[in-house]
Every structure is written in C-alpha cells, then in structure tokens.
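Working notes for the structure below.
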Amino acid sequence: QQQVKQSPQSLIVQKGGISIINCAYENTAFDYFPWYQQFPGKGPALLIAIRPDVSEKKEGRFTISFNKSAKQFSLHIMDSQPGDSATYFCAASSYSSASKIIFGSGTRLSIRP
Amino acid sequence: GAVVSQHPSWVICKSGTSVKIECRSLDFQATTMFWYRQFPKQSLMLMATSNEGSKATYEQGVEKDKFLINHASLTLSTLTVTSAHPEDSSFYICSARDIPGGSNEKLFFGSGTQLSVL
C-alpha cells in the first residue's frame, strides 16, 4: 500500500516532442505528489509538485495531471529538449512533515536531437 | 532555494575501513534529515531518518551498527559507514527539511556521495 508504481522504465523522445511519464499509488492518505529530476552523479531536485485538490498544475513546459479517483498522476514535458535528458522520479507522501516520501522506480528519459 | 551541501562527492576506500559522509544545510536549520542509498539505475531507498539531538530511526533491514548516523546540530548530520565492504559501494544521498515541522514541500537534497569500496 506504500508503493508508487512508475512507468515506463525508460523513454526516448524526439526533440520538440512531448514526454509523458505515469505513476500510480495505492495509499489514499497520500496528499502530496512531487516529481524529481536527477542528473547522473547528482542528487534529485524538485521539479514540480501537486496536491489532490487540483487536477492539473503547469509550470513552464512541465505539467502534472492528477486523477484522484484513479489514483494516478503523470508528468508531461512539452517541447522536450536534450537538456531534459535525465532520470525522473515520481513520489508521494503526506503533506505533513511527519511522513516519509515514497519514490517511484524512476524513468530514464533521453531526448534525441 | 535552500542549499544542502554533501561532502565528499566521491570517496574510494579499502575494505574494512570506515568512511564518514557529511550533510550540511547551508542557509536553514534542519531538524530532520534523511539518508538514502541508490544503486545504479535504481530508485532512492530510505535508510534512516535523523532528528537533531535524538537517535536516528532506521528503516527495516538497515544495520544501525554499520551505518552510524549522528545529527548533533541543526545544520549537520553525518553518516559513517563502518567496516566498509565492497557490497556497501553505492551512491548515498542526504536530504534536509527546512522549517521545523515544515511540509515535504521544503525538502531539499544533497548532491550525493559515490562510495567505492575496494
């Protein structure tokens, strides 16, 4: 019940295309859903996050779509660029500080020039 | 944004020696820090939660006597891998939470330490 399932494991997208990464969770107590971006040899960095009171959040080229009834959320990267090539992790937790963040398994994204 | 500094960024050591990794919050006080382990092409695995001035809480399966965590101040937590062996080779990452009792929105990660045990 604590798992966050992420797919696909790897993704190749042409420059300018849309990259889509999907995640599903089971624990209905989760109310904070961040996405992290990690470059090789570096720690993850928060990219964008959403709470379940909204169905979509957009920040620049990055959009989170959230489906509370299906317990699914996804990351869309519009106009994908080679610099977006990285590993992306979805995660889930309670918004409160008492909760641990549960990470998905990660998606290795490669943007072809 | 808040900065978490992790040092060293990489370390090579001989089997049987101990290695200390430092995690510092540079511009905020972190009452809670987390330590993760990440194998190549895998996700982050939480090892322990470190609260300033108290004993760390270890996740199931993590040996507390092997991975010693000290959080002696509001800006510094250390992870010591004792009697390291090749199987301990991994990427270790810390994170720190800004604001006492703050939400997970204020969670920031260090840049990681690559440990290689020969």
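Derivation of every value follows stated rules applied to the coordinates shown; laboratory data play no part. Since the model is a prediction, treat every value here as computed from it, not as a measurement. Note: ideal-geometry Cβ built from the backbone for every residue, glycine included; neighbour counts use all protein chains shown.
Some points to look at:
- Taken over the range A:51-76, the residue count meeting the criterion of being under 29 Å from B:Thr113 (Cα atoms) and among the β-branched types (Val, Ile, Thr) is 0.
- The strands (runs of 3 or more DSSP E) found entirely in the range A:1-85 that carry 3 or more residues being farther than 22 Å from B:Lys106 by Cα are A:4-7, A:10-14, A:19-25, A:72-77.
- Meets criteria (more than 13 Å from every other protein chain (Cβ to nearest Cβ) and either crowded, with 16+ Cβ neighbours inside 10 Å or among the small types (Gly, Ala, Ser) (or both)) for A:Ile111: yes
- Test: residue in the range B:92-115 that is away from chain A (no Cβ under 12 Å), under 30 Å from A:Arg51 (Cβ atoms) and either touching a strand residue (DSSP E or B) at 6+ places or on another chain (Cβ under 7 Å) or part of a strand (DSSP E or B) (or both): no
- Test: residue in the range B:46-56 that is within 13 Å of B:Leu115 (Cα to Cα) and not hydroxyl-bearing (Ser, Thr, Tyr): no
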